[in-house]
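Okay, structure first, notes after.
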Amino acid sequence: MEETDIYSMIGEEGFTRLVAAFYRQVPHDDILSAMYPRNDLQGAEQRLRDFLIYRFGGPQKYIDERGHPRLRARHFPFRINQAARDRWMQLMNEAFVDAALPTEAEQFLRAFFEHMSTFMINHP
Ligand code: HEM
């Protein structure tokens, strides 16, 4: 199995479930709620979902609307330290429990997020 097989395995529906389960928790989180746009959480949810769909073998809507992801640069406006990174992963790990994706897809995505979330740290 390759990364780009994940879209055909879990579809738009799987990504929607996972990302919705993540964003449901954001407003209640003492670290993350202050970072995300309070009045555009739905937009933020859509951007993450579209990005993942594109990255894992689905349609390129994210690229059409947002251009090259440049994810590290796009995260510079936010102070992401180890604690924020760990909290982000904690919410995402909760979301995996909720979403109950097929094990193989979950393992791939978890490894991807573990790596990428560390890469996004931009503050001591
Ligand atoms: C390490 C902890 C992280 C924090 C605190 C964080 C925080 C944020 C915040 C506050 C936004 C702005 C929300 C919006 O309006 O779109 C954002 C956007 C985004 N994040 Fe993260 N993020 C983290 C990790 C990640 C990871 C691991 C990924 C994916 C692998 C990711 C993917 C995205 C994407 C795709 C966007 C939208 C970019 C755009 O098109 O503007 N983030 N993130």
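Computed values, structure above
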| item | result |
| --- | --- |
| Vicinal HN-Hα couplings computed from phi for the range 34-44 (Karplus, 6.51 cos²θ - 1.76 cosθ + 1.60; Hz; Gly/Pro x) | 6, 8, 8, x, 3, 9, 9, 5, 5, x, 4 |
| Share of alpha-carbon pairs per 10 Å distance bin for the range 64-124, given as whole % | 20, 43, 33, 4 |
| Per principal axis, descending, Cα span of the chain in whole Å | 36, 31, 27 |
| The chain: calculated mean residue ellipticity at 222 nm from DSSP helix runs of at least 4, using -39500 (n - 2.57) | -20500 deg cm²/dmol |
| Dipole magnitude of the chain, debye to nearest 20 (Cβ charges: Lys/Arg +1, Asp/Glu -1, about Cα centre) | 600 debye |
| The chain: relative contact order as a whole-number percent, Cα under 8 Å and 6+ apart | 36 percent |
| Rounded tilt (10° steps) of 6-25 against the dominant C-alpha axis of the chain | 30 degrees |
| Candidates Arg85, Arg49, Arg66: whichever shows maximal mean-square fluctuation once the chain is modelled as a Gaussian network with Cα springs under 10 Å | Arg66 |
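Throughout, read-outs are computed from the coordinates displayed, never taken from laboratory work. What you see is a predicted model; the values in this text were computed from it and never measured. In this analysis, Cβ positions are derived from the backbone assuming ideal geometry, glycine residues included, and neighbour counts consider all displayed protein chains.
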